[in-house]
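The values are calculated or read from the model by the stated rules, or taken from the named source; none is laboratory data. All values reported here derive from a predicted model rather than from experimental measurement. Here the Cβ is made from the backbone with ideal geometry for all residues, glycine too, and neighbour counts use every protein chain on show. Keep in mind that these areas ignore ligands, DNA and RNA; they rest on the heavy atoms of the full protein, side chains included. Shrake-Rupley method; radii C 1.70, N 1.55, O 1.52, S 1.80 Å.
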Amino acid sequence: MKVILQEITKGQDEVIIRYKQMTDKINDIVRYVEGHGGKLMGTKDGQQFAIKPYQVIYLESVEGSTYLYTENEVYRSSLTLTAAERIYAEEGYFRCSKSMVINIYRIQKLQSMPENRIDVTMDNEEHVVISRRYAKELRNILRGEWR
């Protein structure tokens, strides 16, 4: 595979991928460039950790800081909820409230609540309430009507 790098002084960074046939390797490169192939970075006890997207159960914003919750750990992240939702949507990341993004692949069970809300139990036994603003979209996604 031939790689050409060109430094520019103006304009926006861009990546052009030319291929004869879409292969797994090319697809991996595309996903990486789009931000889907990477890991999330989290800080705990002054150390940096690389976390695979599927390990994250949910992200929460508290007083301007974003936290990543895995099965047994909580990490602080510089990633915003908006960025996480956009970058990792194909990994199952779904905005369920103003201050939270969940990984729908880590949902254990769902229960309907009054006022069109949903009580979701995640893999780590945490309960997350999906606000009515996002409940319809979640129901559509679970029916297979992906964004």
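Observations
- Among the candidates GLU91, GLU34, the residue that is of a type outside the set (Lys, Arg), within 9 Å of the chain's Cα centre (by Cα) and modelled with pLDDT under 90 is uniquely GLU91.
- Restricting attention to the range 59-69 and to residues that are within 16 Å of LYS39 (Cβ to Cβ) and in contact (Cβ under 8 Å) with a residue 40 or more places away in the chain, the residue that is surrounded by the most Cβ atoms within 10 Å (Cβ to Cβ) turns out to be LEU59.
- Residue that is among the aromatic types (Phe, Trp, Tyr) and out of contact with any Ser or Thr (no Cβ under 8 Å at 6 or more places or on another chain), where the choices are TYR67, TYR75, TYR93: TYR93
- When we screen LYS44, LYS10, LYS25 for residues that are farther than 23 Å from ILE130 by Cβ, modelled with pLDDT of 90 or more and either within 13 Å of the chain's Cα centre (by Cα) or charged (D, E, K, R) (or both), the only hit is LYS44.
- Selection count, the range 87-109, where residues are out of contact with any Asp or Glu (no Cβ under 7 Å at 6 or more places or on another chain) and free of Cβ contacts under 8 Å to residues at least 40 places away in the same chain: 6
- The range 125-144, residues that are in a loop (DSSP other than H, G, I, E, B), under 19 Å from the mean Cα position of the chain (by Cα) and closer than 26 Å to ASN72 by Cβ: GLU126
- In the range 108-124, residue surrounded by the most Cβ atoms within 10 Å (Cβ to Cβ) [restricted to those that are in a strand (DSSP E or B) and touching a helix residue (DSSP H, G or I) at 6+ places or on another chain (Cβ under 7 Å)]: ILE118
- Flag if ILE102 is of a type in the set (Val, Ile, Thr), open to solvent by less than 60 Å² (accessible area, probe 1.4 Å) and modelled with pLDDT of 90 or more: yes
- Residue within the range 7-15 that is surrounded by 11 or more Cβ atoms within 10 Å (Cβ to Cβ) and on the phi > 0 side of the Ramachandran plot present: no
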